[in-house]
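Report on one structure; see the data block that follows.
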Amino acid sequence: MECKNFRYAFRDIADTDDNIHMEVEMIYHNLYITVLILLAIMLFPCLVRAVRGPRIADRLVSVNMMGTMVMVMIAVLALLLDEGYLVDICLLYAMISFLAVVVLSKVYIGIYEEKRHKAENPDEDEEGGMSDGSF
């Protein structure tokens with residue numbers, strides 16, 4: 001008789017563990033959805049800063065921040081959907097985002113140097129560009 005009671009007690013413990021596991025999964029699911037919504041809302045001010053400026057440095061920082069936020073969103077989606085390939089996509093996006101910021105910074109530095117050179121030497125020919133050959 002005691003053996004049967006032990007089985008039922010064990011079954012009750014197993015059912016309780018399953019219920020706790022389901023509750024924890026629901027809490028994580030709701031947390032992931034909340035984080036995704038908050039990140040999507042926070043992307044809009046970054047987009048506004050990237051468009052409006054006022055300086056190019058502000059635009060570069062906002063583009064970099066948007067790239068980071070998208071990477072976090074992809075990582076949260078990987079956890080939410082339990083898909084491992086999304087982590088690979090996140091890493092690829094990180095590399096592309098880094099290269100985009102580096103290229104934009106290089107272009108900005110070149111434009112700044114050209115404007116500074118023109119301001120220092122206003123009598124030079126405009127078609128020839130800079131006399132030292134640097135960009």
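Couple of notes before you dig in:
- Only one of MET42, MET66 that is at pLDDT below 95, in contact with a helix residue (DSSP H, G or I) (Cβ under 9 Å, 6 or more places away or on another chain) and of a type in the set (A, V, I, L, M, F, W, C): MET66
- Test: residue in segment 58-70 that is assigned to a helix (DSSP H, G or I), in contact (Cβ under 8 Å) with a residue 12 or more places away in the chain, over 19 Å from PHE44 (Cα atoms) and of a type outside the set (Asp, Glu): no
- Check on ILE74, surrounded by 13 or more Cβ atoms within 10 Å (Cβ to Cβ), at negative phi and either part of a helix (DSSP H, G or I) or at pLDDT 95 or above (or both): yes
- Candidates in segment 102-135 are the residues that are of a type in the set (A, V, I, L, M, F, W, C) and more than 20 Å from ASP58 (Cβ to Cβ); of these, the one that is modelled with the highest pLDDT is ALA119.
The values are calculated or read from the model by the stated rules, or taken from the named source; none is laboratory data. Keep in mind that what you see is a predicted model, and the values were worked out from it rather than measured. Glycine gets a Cβ as well: all are built from the backbone with ideal geometry, and neighbour counts include every protein chain shown.
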